[in-house]
Amino acid sequence: MILWVTHSNDNIDASSKRDFELFNACFVTYVVVILIAATIGSMCKTGGEPPSLFRGARSPLFAFLLEQGRITEAEYDRATDELASEAKSEDDLVTEYDLLSVAIGAAVEIFGLSARPDLNGCRGYVEAYLPSSKRFKVSVSSEDIISIRPGNLKPVELSAPPAADVLLRMGRHGEARSLSAFFVQWAIGDKEVARAALAAVTILGSHGGPGALDELVSANQSAFIPALVKAITTHSDDTLLTLGGLAALATLSTGGGGVEGAAWKESSLGCARCDALVKQGALDVSVRAMNDIGFADEGLAWDIHGAGLHIIANICVGNDGEQGVGKPQEACARREAAVKAGAIEVIVDVMQASVARDPPKPTDTRQKLVLAHRALQRVCMGLSKAASARRERAVMADALPVYVNALDRFFSSELFELTIHTNMILMNQTEKREADPFLDRVWQNEVEKRPSLAACISNEMVERARAHAASCKRSSNTFNIEAQNTVTVLEHAERELPILPGQFKDEEEREHFERVAKEMHDSAPAQADELSTWAELVQDQAFQAEMADIKCQADLHTYVNDLQEKNPRRLALLMHPDNMNRLNELLNGKGACKAES
C-alpha cells in the first residue's frame with residue numbers, strides 16, 4: 001500500500017515545521033532551566049591561565065581596533081597624519097591607543113577613580129566595550145557593573161572564573177563577544193563555568209537570534225566552536241554538562257530557532273555554520289554522547305538523545321544535487337559525515353528503544369519518534385549515488401520494520417505522516433518515480449503482520465479523503481468531478497478490508513498471499529467441525545450472521561482481530577487469494593455469495 005504525500009525538500013509541511021520549532025524552543029528552555037539550577041551559587045573554583053590584557057604588537061594594533069569598532073576610520077586617518085607630520089611618535093600613538101585594546105574577558109584592576117574611590121583596587125572582568133562613550137563595561141561583582149575609561153584599568157592575573165550570574169547575564173543582554181571570550185578561556189578547565197556558559201549560549205540564541213550567535217562564533221579568531229566541542233569531550237563524565245553542550249550545538253545549528261532561525265538555517269550563512277560544526281566534530285561528539293548514555297529512564301539520557309537528534313536533523317538540512325555537488329546549500333558532504341559518525345544506527349536505536357520503554361511514556365516517546373524521523377529523513381534524502389548508499393545503510397539497519405512497529409504502538413496522524421515521508425525517501429519514491437519494489441513489499445509485509453495498524457492506516461486515509469472531498473466542495477459552487485470521485489471511493493472504502501485486497505498487482509503478489517494463508521493454516525491448531533472451503537462457509541448461518549453484523553470499517557477489523565486470536569484457520573481461509581474477491585463482494589453487496597470451492 002503506497003500513500004502519496006506531497007513533500008518539500010525537507011519533507012516537512014508548514015504545520016509540522018511549526019510544531020518542530022515549538023518543540024525545539026520548549027526543549028531549549030528546559031535545558032536552560034536545569035543548567036541554571038545546577039550552576040548558580042557554585043562558581044568558586046580556580047584554574048586556567050588568565051587572558052592577556054593588551055594586544056600590544058604595533059603592526060596589528062590599529063587593524064584590531066578598527067575591526068572591533070573601537071576607533072573610526074577618521075580617527076585612524078588622524079593618527080596616521082599625526083605620525084606623518086611628526087606631531088606624535090609611533091611609540092606615543094601605540095601607548096595612547098593601546099589602552100583601547102583591552103581584550104573582552106580580561107581580568108583587570110581599577111585605579112585612579114576620583115568619583116568612586118571605593119572601587120580603586122577592586123578587581124573584575126571586562127565584559128564589553130561601549131563605543132559611544134569609549135569606555136569598558138567591567139563586572140566587579142555580580143551586583144556591581146560599571147563603565148570605566150581605559151586609562152583607569154590595569155592588567156592583573158586572577159585565577160577565579162566569573163560568577164554564574166555574570167555569564168547568564170551576558171546571554172540575556174546579548175554580549176556575545178564577552179561570553180565567547182570567557183568560554184574559550186575557562187570552560188575547558190572548569191565544569192561549573194562550562195555549565196553556566198552553556199546555559200548562557202542557549203539564552204543568547206533565543207534572545208539574540210542568528211546575529212548574536214554569528215558574533216559568538218566569529219569572536220576570538222573563531223575559537224568558540226572548537227572550545228565547545230573540546231569542553232563536551234573533556235567533561236564527558238558530567239551528564240548535565242553533556243546535555244548543555246549538545247543543547248548549545250543544537251542552538252548554533254538552528255540560528256536560535258523561531259521564524260528568523262528557520263530562514264537562517266537554509267541560508268548560505270546557516271550552511272556555512274553547519275559546515276563548521278561538522279569540521280570541528282559536532283556530529284562525532286553528539287553521536288558518541290548518545291551511544292555512551294544508553295537508554296535508562298533515570299537521569300537525563302532521553303534528553304541527551306533528543307538534543308542529539310536535533311543536531312543531526314539541523315546539520316543535514318539542505319539540497320543534495322544529482323551528483324552531490326553544486327550549490328553551497330547542498331548538504332551531501334554533511335550527510336556523509338553524519339553517516340560516518342554512525343548517525344543512522346543511533347537514530348534507529350533511539351526509535352527501537354523509545355518503543356520498548358517500560359513503563360511506556362507515550363508523550364515523550366512520540367516526541368522522540370518525531371525527532372528521529374526528521375533526522376533519518378534528512379540523512380537519507382538526496383538524488384546522488386551517495387544518497388542511494390545512505391538509504392541502503394538505513395535499510396540494513398532495519399529502519400523500516402523498526403519504524404513500522406513504532407507506528408503500530410504509538411499511532412498518531414503526525415507520526416503516520418512522518419512515517420510515510422520516511423518511507424518515500426527510503427524507497428526513493430516521488431510522484432514521477434515508482435517506489436523500490438523490494439522495499440514496498442517489506443512495508444506491505446510489516447503492515448500485514450499488524451491488523452490493528454492496518455485498521456488505523458485505513459481509517460486515517462478515509463478521514464483524509466473525507467477532508468479532501470469537503471475541501472473540493474467548498475472551493476467550488478459545483479461538486480466537481482474530483483470530489484465526486486473521492487466520495488464514491490469513500491462509500492466503498494468504509495467497508496473494504498485493507499489487509500485482504502481482492503486484486504493483485506502480479507502473480508508474485510498472489511503467490512505471496514497464498515503462501516501466507518497456508519503458513520497461517522498449517523501453524524494454527526485444528527478445531528472440531530471447522531469449515532474448510534468457501535462453499536461450506538457461505539452456507540453456514542453463523543458466518544452469514546457475522547457478515548451481516550459488519551456495518552463499517554471498525555466492525556470488520558474487530559472481526560479480523562477476533563479470528564486471529566480465536567480461529568486463525570478461519571482467517572487463513574478468508575486470506576486465500578481465491579476467496580478475497582468473494583469476501584469483498586459479500587461485504588460490499590456487489591453480488592450474491594457464490595458457493596464455489
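Only the coordinates and a few stated rules stand behind these numbers; no lab work does. Since this is a predicted model, take the numbers as computed values, not measurements. Heads up, the Cβs are rebuilt from the backbone with ideal geometry, glycines too, and the neighbour counts pull from every protein chain shown.
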Equivalent ellipsoid semi-axes - Cα gyration tensor, the stretch 363-455, angstrom = 21, 16, 11
What's the FRET efficiency of Arg515 with Ala467 using the Cβ-Cβ distance as r and R₀ = 35 Å, to the nearest 0.05?
-> 0.40
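Can you pull out the GluC sites (Glu not before Pro) in the stretch 102-187 that DSSP calls coil and that have at most 15 other Cβ atoms within 10 Å? Don't skip to the answer; put the middle values down first.
Numbers: sites: Glu109, Glu127, Glu143, Glu157, Glu175; in loops: Glu143, Glu157, Glu175.
Filter output for the stretch 102-187: Glu143, Glu157.
Kirkwood Rh, the stretch 77-218, all Cα pairs: how many Å?
Working: mean 1/r = 0.0612 Å⁻¹.
The answer is 16.3 Å.
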Mind giving me the FRET efficiency for Glu67 and Lys340? R0 is 35 Å, r the Cβ-Cβ distance, nearest 0.05 is fine.
-> 0.45
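Do any of Lys88/Lys134; Lys265/Lys340; Lys154/Lys279; Lys368/Lys551; Lys230/Lys265; Lys368/Lys566 go past 27 Å between their Cα atoms, and which? Show your work: numbers first, answer last.
Working: Lys88/Lys134 21 Å; Lys265/Lys340 23 Å; Lys154/Lys279 38 Å; Lys368/Lys551 37 Å; Lys230/Lys265 24 Å; Lys368/Lys566 36 Å.
Result: Lys154/Lys279; Lys368/Lys551; Lys368/Lys566 exceed 27 Å.
The stretch 143-252: Rg/Rh from Cα coordinates, Kirkwood Rh?
On the way: Rg = 13.8 Å, Rh = 14.1 Å.
Across the stretch 143-252, the Cα-based Rg/Rh ratio is 0.97.
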